[in-house]
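Data block below; observations after.
The numbers here are math on the coordinates, done by the rules we state, and not lab data. Please read all numbers here as calculations on a predicted model, not as lab measurements. Note: ideal-geometry Cβ built from the backbone for every residue, glycine included; neighbour counts use all protein chains shown.
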Amino acid sequence: MAQQLHLIKQSQGILIPATQETSDFLQSKCKLGAVLEAEYRLVRNPAFHRRFFALLNLGFEYWEPTGGAISSNERRLVTGYAKYLAAYGGNESALLDAAEQYLDRIAEKRAGSISICKSFDAYRAWVIVEAGHYDAIQLPDGTLKKHPRSISFSSMDECEFQELYKASLDVLWRWILSRSFGNQMEVENAANQLLSFAG
């Protein structure tokens, strides 16, 4: 019979019940000297979880979506071709400028009257994937998609979550927050202020 126990470590390696249910189970179901086999997980700090979401909210507030009608692969292809032409006798800066103007025109045609909206769920998924916390999934057409892993309390322990927090801070710093803050410490201070206002 599987039973979930909540224990607190005391000095000298002694574990004591953290909840009444655990205490009742140990008192009534376990005889003195009984050996219990368990898979353990350190419970994450809920305050750190809130801090992570404060950081995400800060990045979301500073992020302004732009473009998206031209993929990075298309941009690389066109600018690479402009550099290729320049190697055969063209003016590289003029060709790159023309390529950029061409890409802007294509992006404008593609976007048409589509208005870009901000989605926190899509943004959060992007941050988690960019932070390296994803599974690669192959779709029926053969393409690979990066799917963000769950960040629920049951899915990752405190150490993993701290790594995700640091990687997410790096992602947000690189792509969004470095334009508005002097360093990552200022970012964390601003996120902590948001956290204190929220609760």
Exercise. So if we plug the beta-carbon distance of D157 and R76 into 1/(1 + (r/R0)^6) with R0 = 45 Å, what FRET efficiency do we get, rounded to 0.05?
Worked result: 0.70
Problem set entry | Kirkwood Rh in Å, taken over all unlike Cα pairs in the stretch 72-111 | 10.2 Å
Exercise. Going 7 Å from the Cα of N189 in the Cα-to-Cβ direction, what parts of the stretch 164-181 have a backbone nitrogen less than 17 Å from that spot?
Worked result: 177-181
Problem set entry | Between helix 92-111 and the chain: long-axis angle, C-alpha atoms, 0 to 90°, nearest 10 | 70 degrees
For this session: Rank the residues D121, D24 as a footprinting-exposure proxy: fewest other Cβ atoms within 10 Å of their Cβ go first.
Result: D121, D24
Exercise. How many nm separate the modelled label positions at D104 and A2, each set 7 Å beyond the Cα in the direction of the Cβ?
Worked result: 5.9 nm
Problem set entry | Cut-off 18 Å (backbone N to label point 7 Å along Cα→Cβ of K9), residues of the stretch 26-50 | 36-46
Problem set entry | Net charge, F53 excluded, C-beta distance under 14 Å - Lys, Arg +1, Asp, Glu -1 | +1
For this session: Quote the FRET efficiency, to the nearest 0.05, computed for R149 versus R50 with a Förster distance R0 of 25 Å and r equal to the Cβ-Cβ distance.
Result: 0.80
Seminar exercise, completed: Taking r as the C-beta separation of L139 and A87 and R0 as 35 Å, the FRET efficiency to the nearest 0.05 is 0.40
Exercise. Roughly speaking, what is the centre-to-centre gap between the stretch 88-119 and the stretch 158-199 when only Cα atoms are used, to the nearest Å?
Worked result: 32 Å
